[in-house]
Amino acid sequence: MVTRATSHSTDGDTRRRVTRLLLERGHATAAELAHDLGITATATRRHLDVMEAEGQVETRVVKTAGRGRPAKSYQLTPAARTNFGHTYDDLAMEALRWIRRFEGEDAVGGFAAEQVARLESRCRAAMDAVDSDDPMARAQALATAMSGEGYVATASVIASGGQICQHHCPVAGVAAEFPQLCEAETRVISRLLGVHVQRLATIANGDGVCTTHVPGKSGHRAAGADGGSGPVPLPDPERADR
């Protein structure tokens, strides 16, 4: 008799093998995976259905040479690939520790400034068409540009001006030990918006979101204050593209 716990353990092992096979092959049909797993195609599809529902795999249609129905091929989602991890953060951490040990804190700051300079250049190009005298419009454009860089950023109007929220930080693990990265990024945001901004929270410091306050024109302040209902969201940069 197979107990429930044993069954769950076996299912988990099989799905890990499916994940490994898809990582190695790039993509495969249920029949191809079943052959490598040594189980039936029906059983394999059952595992794939669960993995697809969990966001671990996605499908694409592959044309066949004959006149039959197109085959369904499976591949890992980006979310599934992150489960394998990498050593890039560890390598970056050790490199920055070496710089700090032999060159000092100023050298770490210089390195951070050089890294975010590339981000600044790309974001500035995306903001060229925005009114330089309207910090809120520029904040919205900057949030859109930063989302394209992986920060999942949004901008909103609040009573005291506005704020940019970054819901993801690609270097949070490194920035937790080296806040110079956050400081350099804040200076970039300030230069791009043309106003002095203030970083209120950071993911690297344990907060759920990186939040940057942006002082706005009196008109923007009034919009938030007169409404009496707190923050007034700007259009979501991602929804604007839909």
Taking segment 146-172 and keeping only residues that are open to solvent by 20 Å² or more (accessible area, probe 1.4 Å) and in a helix (DSSP H, G or I), one is left with Ser147, Gly148, Ala172
Segment 15-31, residues that are part of a helix (DSSP H, G or I) and either aromatic (Phe, Trp, Tyr) or open to solvent by 20 Å² or more (accessible area, probe 1.4 Å) (or both)
Arg15, Arg16, Arg17, Thr19, Arg20, Leu21, Leu23, Glu24, Arg25, Ala31
Of the conditions (1) buried (at least 19 other Cβ atoms within 10 Å of the Cβ); (2) in a loop (DSSP other than H, G, I, E, B), the single one that Ala129 does not satisfy is (1)
Residue by residue through segment 32-66, note down the ones that are within 19 Å of Ala80 (Cβ to Cβ), not aliphatic (A, V, I, L, M) and not in a helix (DSSP H, G or I).
Glu54, Gly55, Gln56, Glu58, Thr59, Arg60
Determine which single condition His196 fails, assuming it passes every other condition in (1) within 19 Å of the chain's Cα centre (by Cα); (2) at pLDDT below 95.
(1)
What pairs come out if I take residues in segment 21-40 that are at pLDDT 90 or above and pair them with residues that are open to solvent by 80 Å² or more (accessible area, probe 1.4 Å) and charged (D, E, K, R) whose C-beta lies under 8 Å away, six or more apart or interchain?
Thr29/Lys72; Ala30/Arg45; Ala30/Lys72; Glu32/Arg25; Leu37/Arg17
Any residue at all in segment 87-99 that's free of Cβ contacts under 8 Å to residues at least 12 places away in the same chain, in a loop (DSSP other than H, G, I, E, B), open to solvent by 40 Å² or more (accessible area, probe 1.4 Å) and of a type outside the set (D, E, K, R)?
yes
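The values are calculated or read from the model by the stated rules, or taken from the named source; none is laboratory data. Treat the numbers as computed from the prediction; the structure is a model and nothing was measured. So basically every Cβ, Gly included, is an ideal-geometry build from the backbone, and we count neighbours across all protein chains shown. The accessibility values were calculated without ligands, DNA or RNA, using every heavy atom of the protein model including side chains. Shrake-Rupley method; radii C 1.70, N 1.55, O 1.52, S 1.80 Å.
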